[in-house]
Amino acid sequence: MRLLVTSPTAVVVDRSGVTAVRAEDESGSFGILDGHADFLTVLTISILHWTESDGKRRYCALRRGVLTVTEGKEVKVATREAIAGDDVDTLENVVLSHFRESAEEERTARLESSRLQMLAIRRIVQFLRPARPQQLGKPL
């Protein structure tokens with residue numbers, strides 16, 4: 001099989017002769033072997049494992065992504081950020097924790113942005129409403 005992992009700015013992994021791939025989505029960990037049915041899933045922040053034809057195991061930390069299997073011969077992963085490495089412990093401890101922290105920071109920033117947008121909309125609506133006489137300081 002061929003394994004291709006890409007980010008918006010780089011081809012992180014492009015390997016032929018891959019015998020097995022292991023990944024993780026919301027439902028849990030799963031494996032892919034040569035001849036797998038066509039498949040599409042959304043990956044979580046996790047480590048992608050694969051075995052090459054020489055028996056060596058390789059790893060790639062993923063910051064989420066979309067995995068597709070085409071004709072049982074090609075596994076593609078499109079991800080926002082990926083780091084390949086040979087030491088699974090380093091990827092697990094350093095890289096995945098960094099990815100999780102970044103994801104949490106982005107979530108917090110999105111919430112704050114939404115809060116500010118709603119505040120701005122409320123202010124605009126408040127100023128666009130016709131003024132009532134009592135609001136202008138005039139008694140009814």
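Structure data summary
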{"quantity": "Candidates V5, V66, V12, filtered to the one that is within 21 Å of E104 (Cα to Cα) and either part of a strand (DSSP E or B) or of a type in the set (G, A, S) (or both)", "calculated": "V66"}
{"quantity": "Condition broken by M118, with the remaining ones in (1) in contact (Cβ under 8 Å) with a residue 24 or more places away in the chain; (2) open to solvent by 80 Å² or more (accessible area, probe 1.4 Å) satisfied", "calculated": "(1)"}
{"quantity": "Qualifying residue in segment 58-71 (condition: in contact (Cβ under 8 Å) with a residue 40 or more places away in the chain and over 17 Å from the mean Cα position of the chain (by Cα))", "calculated": "yes"}
{"quantity": "Selection count, segment 92-107, where residues are under 14 Å from R80 (Cβ atoms) and either in contact with an Asp or Glu (Cβ under 6 Å, 6 or more places away or on another chain) or among the hydroxyl-bearing types (S, T, Y) (or both)", "calculated": "1"}
{"quantity": "Test: L67 is out of contact with any Pro (no Cβ under 8 Å at 6 or more places or on another chain), modelled with pLDDT of 90 or more and under 25 Å from T19 (Cβ atoms)", "calculated": "yes"}
{"quantity": "Which numbered condition C60 misses (of (1) assigned to a loop (DSSP other than H, G, I, E, B); (2) in contact with a helix residue (DSSP H, G or I) (Cβ under 9 Å, 6 or more places away or on another chain))", "calculated": "(1)"}
{"quantity": "Out of A78, A84, sole residue that is under 16 Å from A23 (Cβ atoms), in contact with a Gly (Cβ under 8 Å, 6 or more places away or on another chain) and of a type in the set (G, A, S)", "calculated": "A78"}
{"quantity": "Selection count, segment 72-101, where residues are at pLDDT 80 or above, open to solvent by less than 40 Å² (accessible area, probe 1.4 Å) and within 13 Å of the chain's Cα centre (by Cα)", "calculated": "3"}
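The values are calculated or read from the model by the stated rules, or taken from the named source; none is laboratory data. Just so we're clear, the structure is a prediction, and the values are computed from it rather than from any experiment. Neighbour counts run over all protein chains shown; Cβ positions are idealised from the backbone, glycine included. Please note that ligands, DNA and RNA were not included when accessible areas were found on the heavy atoms of the full protein model with its side chains. Shrake-Rupley method; radii C 1.70, N 1.55, O 1.52, S 1.80 Å.
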